[in-house]
1. For residues in the range 128-166 being more than 16 Å from residue 92 (Cβ to Cβ) and touching a Phe, Trp or Tyr at 6+ places or on another chain (Cβ under 8 Å), which is modelled with the highest pLDDT?
2. Which of the helices (runs of 4 or more DSSP H) contained wholly in the range 3-111 include at least 3 residues that are under 20 Å from residue 222 (Cα atoms)?
3. Here are some conditions: (1) over 23 Å from residue 229 (Cβ atoms); (2) of a type in the set (D, E, K, R); (3) in contact (Cβ under 8 Å) with a residue 40 or more places away in the chain. Residue 149 meets all but one. Which one does it not meet?
4. Within the range 124-135, identify whether any single residue is in a helix (DSSP H, G or I), in contact with a strand residue (DSSP E or B) (Cβ under 7 Å, 6 or more places away or on another chain) and either hydroxyl-bearing (Ser, Thr, Tyr) or under 24 Å from residue 168 (Cα atoms) (or both), and answer yes or no.
5. Among 125, 151, which is the only one that is surrounded by fewer than 16 Cβ atoms within 10 Å (Cβ to Cβ) and closer than 25 Å to residue 84 by Cα?
6. Looking only at residues in the range 168-181 that are in a strand (DSSP E or B) and without any contact (Cβ under 8 Å) to a residue 60 or more places away in the chain, which one is farthest from the chain's Cα centre (by Cα)?
7. Condition test on residue 47, is it within 23 Å of residue 169 (Cα to Cα) and out of contact with any helix residue (DSSP H, G or I) (no Cβ under 7 Å at 6 or more places or on another chain)?
8. Of all residues in the range 136-165, which are out of contact with any strand residue (DSSP E or B) (no Cβ under 6 Å at 6 or more places or on another chain) and among the aliphatic types (A, V, I, L, M)?
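The values are calculated or read from the model by the stated rules, or taken from the named source; none is laboratory data. On a predicted model such as this, the values are computed, not experimentally measured, just so you know. Positions of Cβ are generated from backbone atoms using ideal geometry, with glycine treated the same way; all protein chains shown enter the neighbour counts.
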Amino acid sequence: MRPEKKQRYLPVTDTDHGCGQIVYHAFRGTTIYIVRGRSGDMMIDTGLFHVRRAVRKWARQYNVKYIFITHAHADHDWNAGRFRKEFGARVLLNKRDLGLKNNFQTLKPTRKKYAFKCFNLNITGSLFSSPRYKTDIAIEREGGALLEKLGFDGEFVFLPGHTRGMTALLCGDTLYCGDAFTALFGEAEIPPYAMDIKGMKRSLEKILRISPKWLACGHGLPVKMGDARKVIERYLNE
C-alpha cells in the first residue's frame with residue numbers, strides 16, 4: 001500500500017518512508033514533525049484527539065521541550081495543553097493567532113469545488129474548539145533570533161492567509177509550513193480554505209521565493225518543492 005493511503009489507517013513515519021532528513025509522523029490525515037535542537041527537541045503541531053495516543057507514543061523517543069503550533073486551528077493545537085503537561089514543554093504560537101485559540105474563524109474556499117466543504121466546516125468548526133492551553137512564547141517577529149536562543153538553527157517565516165498568524169519554520173532545506181500548503185489528498189495541492197485569499201496568494205509567492213527543497217505540510221506527507229511549484233504557479237495564474 002502506498003504510504004499516502006496507508007497513513008489513513010496506520011501511522012507512517014520517516015522510518016517507513018524517508019523524505020530527506022525530515023522526522024515525521026503521519027496518521028489519519030494529520031502530520032506531526034520533530035526538529036532536533038541543541039537543548040531539546042521541538043514538536044511541530046499536535047493533531048486532533050483521535051491521533052493523540054499514537055503521536056504521544058511516537059514522540060516519547062525524542063526529548064520534546066518545545067511545541068510549535070503553526071496556527072491555532074483545532075486540528076493542529078487540540079493536544080497542545082495535554083502534551084505541554086506530559087512532556088514538560090513550552091508552547092510557541094504566533095501572537096496574531098492568540099485570539100483565535102478557542103475562537104473559530106470563518107474561512108473561505110480557495111476554489112469553487114471546495115465551497116460546500118467550506119460551508120460545512122464553518123458550521124461544524126464553530127460548534128467545538130480545542131481544550132484551553134497556555135502559550136508560553138508568543139512569536140512576534142520573523143527570523144532566527146528567538147530560535148537561536150532556544151537552541152535551534154532556523155528561522156520563523158510568516159505566511160498569513162490561512163489564518164492571520166500562520167507561521168512556518170525554515171530549517172535547513174525544509175519549510176515546515178503548516179497549512180500554507182498541503183498534501184491532504186495524497187498529492188501537492190493548494191489549501192482548500194483560507195481566511196484571507198489574497199493574503200494566502202502572497203504567502204504562496206513567498207514560498208516560491210524561498211524555494212526550499214521540501215515543504216513539510218500539516219496534512220499529508222512532505223512534498224518536494226519541484227512538485228509544489230507547478231501547483232502553486234498554476235493556481236496563481238488562474
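1. So, considering only residues that are more than 16 Å from residue 92 (Cβ to Cβ) and touching a Phe, Trp or Tyr at 6+ places or on another chain (Cβ under 8 Å), the one modelled with the highest pLDDT is 162.
2. Helices (runs of 4 or more DSSP H) meeting the threshold: 3-6, 52-59, 74-77.
3. Only one criterion is unmet by residue 149, namely (3).
4. no
5. Going through 125, 151 in turn, just one is surrounded by fewer than 16 Cβ atoms within 10 Å (Cβ to Cβ) and closer than 25 Å to residue 84 by Cα: 151.
6. Filtering first and then ranking leaves 170.
7. Answer is no for this residue.
8. 138, 145, 146, 147, 150
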